[in-house]
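The structure appears right after this line, and notes come after that.
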Amino acid sequence: MTSTADTATSEAVETVTLTIDGTEVTVPKGTLIIRAAEQVGIDIPRFCDHPLLAPAGACRQCLVDVAAPDREGNVRAFPKPQASCTMQAMDGMIVNTQHTSDDAKRAQEGVMELLLINHPLDCPVCDKGGECPLQNQALSHGRPESRFIDVKRVFEKPLALSSEILLDRERCVLCQRCTRFSKEIAGDAFIDLQNRGAMQQIGTFNEEVLNFDGYEPIGVAAEDESGKAFSSYYSGNTVQICPVGALTSAAYRFRSRPFDLVSAPGISEHDSSGAAIRTDHRRGKILRRLSDNDPVVNEEWITDKDRFAFAWQNLSDRLTRPLVRGEDGELHEASWPAAIARAAEGLRAAAGRTGTAADKKAKGVGVLPGGRITLEDAYAYQKFARVALGTNDIDTRTRISSDEEQAFLGAAVAGTGLGVTFSDLEKAPAVLLAGFEPEDEGGVVFLRLRKSWGTQQVLTVAPFLSRGAEKLSATLIETVPGAEAAALAAIKAGTETADALGQDGAVIVLGERLAGSPGALSEALRLAKRTGARLAWIPRRAGERGALEAGALPGLLPGGRDAASASARQAVADAWGVDGLPETDGRDADAIIAAAAARQLDALVVGGVTPSDLTADLRKALDRVGFVVSLEVRRTEVAQYADVVLPVAPPSEKPGTFVNWEGRLRGFATAIRTDAISDHRALDFLARELGVDLKVGTVSDVNEQLAALGAAGKGERVKAPTAKAAKASAGASDELVLASWHLLVDEGALQDGEPYLAGTGRTAVARLSQATAERIGVKDGVVTVSGERRSSIELPVVITPMADGVVWLPAKSPGSWVAQELGVEPGARVSVKGGI
Amino acid sequence: MSESDDVWKVNRERDGEAQRFESNFPQYGPVGRAFAPVAGFGVTLRNFFRPTVTEQYPDKKTPAMPRYHGRHQLNRYADGLEKCIGCELCAWACPADAIYVEADSNTEDKQYSPGERYGRVYQINYLRCIFCGLCIEACPTRALTMTNEYELAGPTREGLIYEKQDLLAPLEDGMLQAPHPMVPGTVDDDYYKGDVTKVVKEQTEWVREHRPEDPTLPENQKQEAGRG
């Protein structure tokens, strides 16, 4: 389905040949001496040098003796040792490192001594102790004895840069890795060097906080360079690249030592990028997560959510044994066989498979796996629904969705293999974003776009320019939510935008929110055809793309096959060795919930679905439906209504595969061995009890089947949608169009139990344009927004340059749970009143 | 040259004569052979007149040598703050993996040791400990030392995993039970250098305010003494 690496370009590269420590090495022109030395296995100590950051030459630890040819070609030595991390290799250069040159060795020892003069040497209390480049290199390249006996410089410590990131200036060696990362990679410049000489320090500007623009974090935070409170989604990376213990995280502060930890590679479960992570655990408990190096996906960077949000799976409400509702109406712990038997009994009756007269009255089962599952789990859920329960009523899209979206996904995304990649995104001359906020909804996607800042034109179809889009210097195509289709249709040939998208390699990025805008996805397909730009669909949740590949949508079978196509159904049925697949059209998530609430379904199988994420009333549906089986990691709200709760493993305790938005398979092995089992294994048990062998007990079983099925053939695919944009309807005068998306750090279920991370999330504010605010009469800087439900959301207002007649709210930030409180999706009309 | 050396010499000489197989035991003359059956009593008789080496343990307990490697102890500074900073270097040094440490942050309300960090969990598993003393050498604050206590047996495995409260040194006279703030105006370095020698008024007052019932407060100690 996918390849594992981007194809390398084979262009002729100009090379130079130099000699390092007597070894000749040929490297591409422009290579730094320190990299050339790495290629021949010569280690030069360094602190400031980082392959993904611009050279700085800040720490001077990498001094080497260099001799280079002058104009006449005579090789002449530089009078002093040179920093190998900033000097490019030249033809005929002779480099002598500390291994062969006493001068270089002495210079390095001198630099190390200077660096250690003001270093507190408090390694026993420092979090970096044991994995500290300064500690290691002081031992390997420093003097054995210290000559410094005077008083060291002291600073107040630790300084909280945010609720998560702590700064200890005494330990800092002024390498500027953190400041360079913040400026070059994340675009959230927040700390910089201050003062000179011995008092030089990393610090923050101490001016009055400038005008509040609504991007203030919840927790404590230092001010950034502009004087605003520092708020970044990527600040955790600075902790990882800090070569000393100057930057540490509050969550991992004093928690353990590197030798306590068992490391396991993994894939982040937080977004659809599939970022490579490293999970460090001790005695079965995850203590921290770090970014792993995967050049084709996340390079060496991950978001703070990927890094810090892992506490959710070890909270006190973690399920370890099955629960079955007893005669007394309460849930009781039960054995697996008893719970499986009870679940099978209920589902058999609901699916009409008891073989008795009651079968005729059975109304069927709906399956809601949720969007956070692995490819294997998604495959098991859909096979379970179609074979064991005989229904197409399965939908992982517990979010904004539509039939048009399903047609779009079936036609243009599912089973298409590796499409637009991260590297395509980076190289694209122009990128159009629609229904997608790169920083809030994309995570590391933002970092890749930011990497091409200055060479790439970014256009965004949005109601206003968010801070993430601002940092990309994006051009705003101001659009009221719901009118994206019209905005995309307006990009006619000959316009500047169309010309930009007509360039070779241009990409149109579509977010999952576009499903809520009628006609927008159809229009995007037309636009792509018109301009020749490539399409990328980037959902938020990690399991969304995998669910498409596995066919866990009502109208899709594995490999992007159309469930409505008889030949596709037959192909899958043959592969599975069953007589046939259900022919009735499946219902989508909203329809399943509505049917359950109207008692048109007898049972629901629910995976990782949070009722408060849905505009549809899942609680009512769960309450009214006769029988509920829940497969969950934690005892959630769904368990209150469930008849049987089966505990399943969180991603760190099971093997599996996430398919990221590129279509790249991101397989991961078990990080922590426990007796928790995956959803697909639990469903395999359940199906056996129902008398069906799904053969989905192990990851390899599922992957064999997926490989055998392959992608859809010609004629088995869904037809592309051709919907038209809906006419905008005029609402009442105090009604505004709702714009909303999930901020990266908010109150999502996978961010529970991590207060330090939550403190870096942004405070909830309502955004209005000046004209709109005046029209509705905002008093005391507060508005009350009410939707279809009785409850309403009251938030402080921030006046933003944006489309008139629109109110923006964060989707699930503290005090602003839009889906639950208002019961409407973005694009709907809400009533907004100013103040009280 | 002793008697047994003689024997070996004899053996070495005989090695060259492979065809002769004689006993390796020394051969005695006729008198020796006559007394041989009761010769063993000589050992017994000789020991009647030697000093007794048997120790009457556990009726009578002899102190061990001063540097005997016994049970560990987590020491305190003169004001009662703990010396342990939870750095885990002892656990790192331990060849038997007998030590388990979890550190935590000192806060204003709960200051257990000078500086930012203290050992929240400290366990030594005496089923594993081999009393090598490498942990003592590793300790950067001299928090961990070994006592002369050697009575480390028990009926359960759990009981032989000593927790922090089992290992902490008892409070000496004038010490104040942690947590309480550091001596005002000092930093952790002053503690390491030994500049803090006693509890100061501010610390006593802090404890009086937060834990008026604390038995290590001077007034409570007097009461105890009065009662006693």
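The values are calculated or read from the model by the stated rules, or taken from the named source; none is laboratory data. What you see is a predicted model; the values in this text were computed from it and never measured. Note that we place each Cβ from the backbone using ideal geometry, even for glycine, and neighbour counts take in every protein chain shown. To get the accessible areas, we keep the full protein, side chains included, count just its heavy atoms, and leave off ligands, DNA and RNA. Shrake-Rupley method; radii C 1.70, N 1.55, O 1.52, S 1.80 Å.
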List the residues of region B:84-109 for which accessible area in the full set of protein chains is at least 50 Å² lower than for the chain on its own; 1.4 Å probe, protein heavy atoms only. B:Glu88, B:Trp92, B:Tyr100
Take the Cα atoms of region A:577-669, build their convex hull, and give its volume per residue in Å³. 168
Value in Å of the Kirkwood radius, where region A:649-776 supplies the Cα pairs that are averaged: 20.7
Counting only C-alpha contacts under 8 Å and six or more residues apart, can you give the relative contact order of chain A as a whole percent? 13
Under 14 Å from the Cβ of A:Arg153, count the other residues' Cβ atoms, weight Lys and Arg +1, Asp and Glu -1, and hand me the total. -1
Do any GluC sites (Glu not before Pro) in region B:38-122 lie in a DSSP loop with no more than 10 other beta carbon atoms within 10 Å, and if so, which? B:Glu55, B:Glu108
Let me understand region B:55-97 better: what is its radius of gyration from the alpha carbons, and its Dmax, in angstrom? 15.7, 42
Reciprocal mean inverse distance between Cα atoms of chain A - Kirkwood radius, Å: 28.9
Solvent-accessible area per residue for the protein assembly as shown at a 1.4 Å probe radius, Å²? 44
Among A:Gly110, A:Gly415, A:Gly371, which residue has its Cα positioned farthest towards the positive end of the charge dipole of the protein assembly as shown, with +1 placed on the Cβ of Lys and Arg, -1 on the Cβ of Asp and Glu, and the dipole taken about the Cα centre? A:Gly415
Which of A:Leu743, A:Gly827, A:Gly753, positive extreme of dipole for region A:735-834 (C-beta unit charges): A:Gly827
Lys, Arg +1 and Asp, Glu -1 on Cβ, resulting dipole of region A:416-540 about Cα centre, debye, nearest 20: 220
I want to make sure I understand the PRE zone here: with the label point 7 angstrom from the Cα of A:Arg467 toward its beta carbon, which residues in region A:419-452 have backbone N atoms less than 17 Å away? A:437-444, A:446-447, A:450
Give the average, rounded to an integer, of partner chain Cβ atoms located within 10 angstrom of each Cβ in B:117-126. 1
Shape call for region B:131-181 from the C-alpha gyration tensor, a ≥ b ≥ c root eigenvalues: rounded (a/c under 1.5), prolate (a/b greater than b/c) or oblate? oblate
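Taking a probe of 1.4 Å and counting only protein heavy atoms, give the total accessible area buried between chains A and B in Å², rounded to the nearest 100. Intermediate results must be reported in sequence, preceding the final value.
On the way: alone 32720 and 15970 Å², together 47270 Å².
For A against B, buried area totals roughly 1400 Å².
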Any idea what angle helix A:679-689 forms with the longest principal axis of chain A, computed on alpha-carbon atoms, 0 to 90 degrees, nearest 10? 30
Applying the Karplus parametrisation 6.51 cos²θ - 1.76 cosθ + 1.60 with θ = phi - 60° to the phi angles of region B:79-88, what ³J(HN,Hα) value in whole Hz is obtained for each residue in order, glycine and proline being reported as x? 9, x, 5, 6, 7, 5, 10, x, 7, 6
Report, by chain and number, residues whose modeled amide H sits under 5 Å from the one on A:Val659, excluding near sequence neighbours (fewer than 5 apart, same chain). A:Leu375, A:Gly546, A:Arg666
Among the GluC sites (Glu not before Pro) within region B:138-228, which fall in a DSSP loop and have no more than 12 other Cβ atoms within 10 Å of their own Cβ? B:Glu149, B:Glu151, B:Glu163, B:Glu172, B:Glu213
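Restrict the search to region A:555-628; then list the trypsin sites (Lys or Arg not before Pro) that DSSP places in a loop and that have at most 15 other Cβ atoms within 10 Å of their Cβ.
Values: sites: A:Arg561, A:Arg569, A:Arg587, A:Arg599, A:Arg619, A:Lys620, A:Arg624; in loops: A:Arg587, A:Arg599.
Counting only loop positions with at most 15 other Cβ atoms within 10 Å, the trypsin sites (Lys or Arg not before Pro) in region A:555-628 are A:Arg599.
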Given GluC sites (Glu not before Pro), DSSP loops and at most 12 other Cβ atoms within 10 Å, the longest exposed-site-free stretch of chain A is A:331-582
In degrees, nearest 10, range 0 to 90: what is the angle between the Cα axis of helix A:566-576 and the longest Cα principal axis of chain A? 70
Share of pairwise Cα separations in region A:36-155, more than 19 Å, in percent: 53
Calculate the translational D of region A:416-540 in whole µm² s⁻¹ from Stokes-Einstein, where the hydrodynamic radius comes from the Kirkwood formula applied to all Cα pairs, the temperature is 20 °C and the viscosity 1.002 mPa s. 153
Give a residue-ordered list of calculated ³J(HN,Hα) values for region A:413-430 (Karplus: 6.51 cos²θ - 1.76 cosθ + 1.60, θ = phi - 60°; whole Hz; x for Gly, Pro). 10, 4, x, 9, x, 6, x, 5, 10, 4, 6, 4, 5, 5, 7, 4, x, 9
When the distances between all Cα atoms of region A:752-807 are binned every 10 Å from zero, what whole-number percent does each bin get? 22, 40, 28, 10, 0
Any of A:Lys285/A:Lys695; A:Lys361/A:Lys654; B:Lys83/B:Lys222 with alpha carbons more than 30 Å apart? Name them for me. A:Lys285/A:Lys695; A:Lys361/A:Lys654
Let me know the shape class of region A:482-538, please: from the alpha-carbon gyration tensor, a ≥ b ≥ c as square roots of the eigenvalues, rounded when a/c is under 1.5, otherwise prolate if a/b is greater than b/c, or oblate. oblate
Quick one: of the DSSP bridges fully inside the protein assembly as shown, what percent are antiparallel, nearest 5? 65
Sorted largest first, the Cα spans of region A:735-834 on the principal axes come out in Å as 41, 25, 21
³J(HN,Hα) computed for each position of region A:62-72 - Karplus, 6.51 cos²θ - 1.76 cosθ + 1.60, integer Hz, glycine/proline x: 9, 4, 9, 7, 10, 10, 9, x, 8, 4, 7
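As a check on your grasp of the helix formula, calculate [θ] at 222 nm for chain A: sum -39500 (n - 2.57) over DSSP H runs of n ≥ 4, divide by the residue count, round to the nearest 500.
-6500 deg cm²/dmol
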Which residues' amide hydrogens lie under 5 Å from the amide hydrogen of A:Met802, considering only partners 5 or more residues apart or on another chain, with H built in the peptide plane? A:Gln770
Cα-based Debye curve of region B:72-217 sampled at q = 0.17 Å⁻¹ gives log₁₀ I(q)/I(0) of -0.95
Compute accessible area for region A:106-144 by itself and then with all protein chains, 1.4 Å probe, and report residues whose area falls by 20 Å² or more. A:Pro124, A:Val125, A:Gly130
For A:Val765, list long-range residues whose amide hydrogen, built 1.01 Å from N in the peptide plane, is under 5 Å from its own amide hydrogen. none
